[in-house]
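Every number in this text was worked out from the coordinates using simple rules, so none of it is lab data. Remember, predicted model here, so these are calculated numbers, not experimental data. We place every Cβ from the backbone using ideal geometry, glycine too, and count neighbours over all the protein chains shown.
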Amino acid sequence: MAQRQTKTAAAGGRKTSAKPRLSAQDWADAALAAIGEGGLAAVAVEPLAVRLGTTKGSFYWHFANRDALIEAALARWAEINTEGIISEVEAEPDIRERVRLLFAEAISSASSDPLEVTLLATASHPKVEAAMRQVTERRVAYVAGLFADLGFPAAEARRRGLLAYTVYLGHAQLGHAAPSVLPGEDEFGAYLDEALDVLMRR
């Protein structure tokens, strides 16, 4: 009897110390991290399971296959790196300062995280291509809306929004390909102000 009670207590102990079930978002975040480190080829179920400290069964609980995970990871990227940044800068009431905050945050994020550049390099993949197109349209439209709020006519606001976005993409690419050509941390503020002054000049 005592032996049976000991086993039951041990089983109960294991139950209380069990890890919480992983969510689909946990897998999507892990897949995003893997893409940033090694591209789409790094999205493989077994290595991700090891990274998350779980089994492949957890993956198949949430996703039918690898493509479904890639799609979820790309949706998570759009949520964090587009909608998340837009939500942050929307709290700023001054439009010009909102533009500055947007680009400061976006450039800082792209410079510190290779994910965006990695995705650009794999844009020929159908799912990446679709996600990049959706995110790019959303970003350009948002920036164009800021220029429209500054008083530019719709067509010109769209052109300036597109130009501003190409400036961002160029900076992001250089930040990983040839960072030495970009201004240092102490010069970045003045560099950003000058670039945005040109874009916002009438």
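Spacing of the modelled spin labels on Ala154 and Lys127, each 7 Å from Cα toward Cβ, amounts to 3.6 nm. Once the dipole of region 10-123 is set up with Lys and Arg at +1 and Asp and Glu at -1 on Cβ about the Cα centre, which of Asn81, Leu102, Trp61 lies farthest towards its positive end? Comparing the listed Cα positions along the dipole, Trp61 ranks first. Mind sorting out which of (i) 23, 21, 17; (ii) 43, 18, 17; (iii) 33, 23, 13 is the real semi-axes √(5λ) of the Cα gyration tensor in Å computed from the coordinates? Only one listed value fits the structure, namely (ii).
Within the set of other residues whose C-beta is less than 11 Å from the C-beta of Arg51, count the net charge using Lys and Arg as +1 and Asp and Glu as -1. Walk me through the numbers on the way to the answer.
On the way: positive: none; negative: Asp26, Asp29, Glu37, Glu46.
The answer is -4.
Ranking Val181, Val143, Ala28 by how far each Cα lies toward the positive end of the dipole of the chain (charges on Cβ) leaves Ala28 at the top.
Assign unit charges at the C-beta atoms only (+1 for Lys and Arg, -1 for Asp and Glu), then state the dipole size of region 144-202 relative to its Cα centre in Debye, rounded to the nearest 20.
For this selection, approximately 460 debye.
Counting Lys and Arg as +1 and Asp and Glu as -1, each charge on the Cβ, what is the dipole of the chain about the Cα centre in debye, to the nearest 20?
1320 debye
Need the full-extension length gain, Thr166 to Arg202, defined as separation in residues times 0.36 nm minus the C-alpha distance. One decimal, nm. Can you show the working numbers first?
Details: separation 36, 0.36 × 36 = 12.96 nm, distance 1.93 nm.
The span from Thr166 to Arg202 would gain 11.0 nm if fully extended.
Here the relative contact order of the chain, from alpha carbon pairs under 8 Å that lie six or more residues apart, stands at 18 percent.
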